[in-house]
Amino acid sequence: MNSQNDRIYAAAFEDIPEQERTVQRFQKPGSVMIWGAASSRSKFPLVFVKSGVKINAAYYREAILEGCLKAEAQRVFGQGQWTFQQDSAPAHRARIVQDWCRAQIPDFISSSEWPPSSPDLNPLDFSIWGILEARVNAVQHRSVDSLKKHLRAEWRNLSMNTIRTSIASWRRRLRAVVNKRGGRFE
């Protein structure tokens, strides 16, 4: 076995273990862009962004916030109080998105309150996406549909205890950022 270029040298074809006779290669591996949200009460459904779509403020507001967040938040929280936190993606910081959030969400952390150049403070970014990615990538996917199927399954299987633990660590991470004056703490 030559691991540098995945070649196996043998005196006869039959001498090569069957599971190593065929090596799968993918020229352009598929990928997906997803949006998700979670609270200590519930996981919101994943939203898969169509291939080739550029996430701009209008798309984000219409497809994600109005298309998923609003209805799911109503289902989970009713008329109760809840806080929405985004990361610092350009579409999230856009004025039309910030205005929509002010008008539609009981409480949200606006982009003006977000520390610039800080480490990830969003529980999905610093914890949940990494867990999901590790689980989904534990198996090879032959297609984008397979990848989506596994993402949905692993999202469903992600325990609420894991979500709550991640959310509970948010205040500790925020204190660490404040103590380091916005600098790196990990």
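The values are calculated or read from the model by the stated rules, or taken from the named source; none is laboratory data. If you're wondering where the values come from, they're calculated on a predicted model, not measured in any experiment. Glycine also receives a Cβ, built like all others from the backbone with ideal geometry; neighbour counts cover every protein chain displayed. The accessibility values were calculated without ligands, DNA or RNA, using every heavy atom of the protein model including side chains. Shrake-Rupley method; radii C 1.70, N 1.55, O 1.52, S 1.80 Å.
Observations on the structure shown:
- Heavy-atom accessible surface of the chain: percent carbon and sulfur, 1.4 Å: 47
- The length gained by stretching the chain between TYR59 and ALA10 to full extension, at 0.36 nm per residue less their Cα-Cα distance, is 12.1 nm.
- Within the assembled protein chains, the solvent-accessible surface assigned to VAL178 is about 100 Å², based on a 1.4 Å probe.
- Heavy atoms of ASP107: accessible area, 1.4 Å probe, square angstrom to 10: 60
- Ranked from largest to smallest solvent-accessible area, with a 1.4 Å probe on the protein heavy atoms, LYS180, LYS148 come out as LYS180, LYS148.
- Values of log10 I(q)/I(0), in the order q = 0.25 Å⁻¹, for region 35-92 under a Debye, Cα-only, solvent-free model: -1.15
- Gyration tensor over the Cα atoms of region 82-186: the corresponding equivalent ellipsoid has semi-axes (square roots of 5 times the eigenvalues, largest first) of 28, 19, 14 Å.
- Net charge of neighbours whose Cβ lies under 10 Å from the Cβ of TRP82, counting Lys and Arg as +1 and Asp and Glu as -1: 0
- Spin-label proximity, TRP170 to region 122-149 - amide N less than 19 Å from point 7 Å beyond Cα toward beta carbon: 122-132
- Considering only the Cα atoms of the chain, their convex hull presents on average a projected area of 14.2 nm².
- Full-stretch length increase - SER51, ASP145 - with 0.36 nm per residue and alpha-carbon distance subtracted: 32.6 nm
- Probe 1.4 Å, accessible area per residue of region 52-186, Å²: 62
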